[in-house]
Amino acid sequence: MIFGKDEKTRWEEAQKNEELHHRKHSIKYKNREERRNHFSKFLKERFQLDFGFFEGKDVLEVGCGTTGMIYYLDEAKSRIGIEPMNIDSIIEDWQKQFVKKGIGEEIPFEKNSFDIVLVLNSLDHVLNPEKVIKECHRVLRKEGQLFVHVEVLSPKAIFFRPLLNRFDRPHPYHFITKEYLNMLSTFDLIYQMEKKDTFSRPNYFHERILNFLFQELHLIMKKQSC
């Protein structure tokens, strides 16, 4: 897969849009217990897990933003998120210990450093998804697990991809499930769930359109080789 100037331009635009979004909406997420409950529900519904799964493990989140799960994994042995945006002025002081400036294409940690890597709603925002996946593989220990949550194009919407690539500028890529699975072929698949009707208010016309175009993909992958 070749990544050209247009993808880089769209990635830069996406970063600006994301930072504006986080600045505008971060106030909504200041209740820590509510966010813990949100992620507890997310883990149960999407991965059939709870916070206890992370107990005693070293965890990395790629693209943690201001509201990522990494801030709420109190059970983990150690936890850190990497984020390309400048978020120091947005997040609260207690969060700063858990985030490091960086990009998924060049994860700033040694190989075999983590038991779990989380890539939650960020793989379609990066500059080079294949390189991010390779970096996740590198920093995971043997038997380590990669969690992926991403919105994919539904099979019936594939013909809309050129239009989305042109107008949905905050997302540099629009992949279908098979393409993500091909990129993740260096891992063993141990869990997969595809959730249709991603948007919860289908009576709204725009959300009916979005549910036609997109669905959620949830994967747990295991690293077998070092």
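Given R₀ = 41 Å, FRET efficiency for residue 36-residue 109 by Cβ-Cβ distance, to 0.05?
0.95
Taken along the Cα-to-beta-carbon direction at a fixed 7 Å, the label points for residue 49 and residue 164 span 2.6 nm. Projected label points at residue 101 and residue 190, each 7 Å from Cα along the beta carbon direction, are separated by 3.6 nanometres.
Rounded to the nearest Hz, the phi-derived 3J(HN,Hα) couplings of the range 92-97 under the Karplus curve 6.51 cos²θ - 1.76 cosθ + 1.60 (θ = phi - 60°) are 7, 4, 5, 7, 4, 5, where x marks glycine and proline. Average projection, convex hull of the Cα set of the range 116-158: 3.6 square nanometres.
Amide H of residue 57: which non-local residues (sequence gap of 5 or more, or other chain) have their own amide H closer than 5 Å, using H built in the peptide plane? Hits under the 5 Å cutoff: 77, 78. Per residue, the convex hull spanned by the alpha carbons of the range 77-118 comes to 83 Å³. Annotation for the range 152-183 versus the range 36-103: alpha-carbon center distance of 26 Å.
Where a number appears in this text, it was derived from the coordinates with a stated rule and is not lab data. The structure presented is a predicted model; accordingly, all values stated were derived computationally and were not measured. Every residue, glycine as well, gets a Cβ built from its backbone with ideal geometry; the counts of neighbours run over all protein chains shown.
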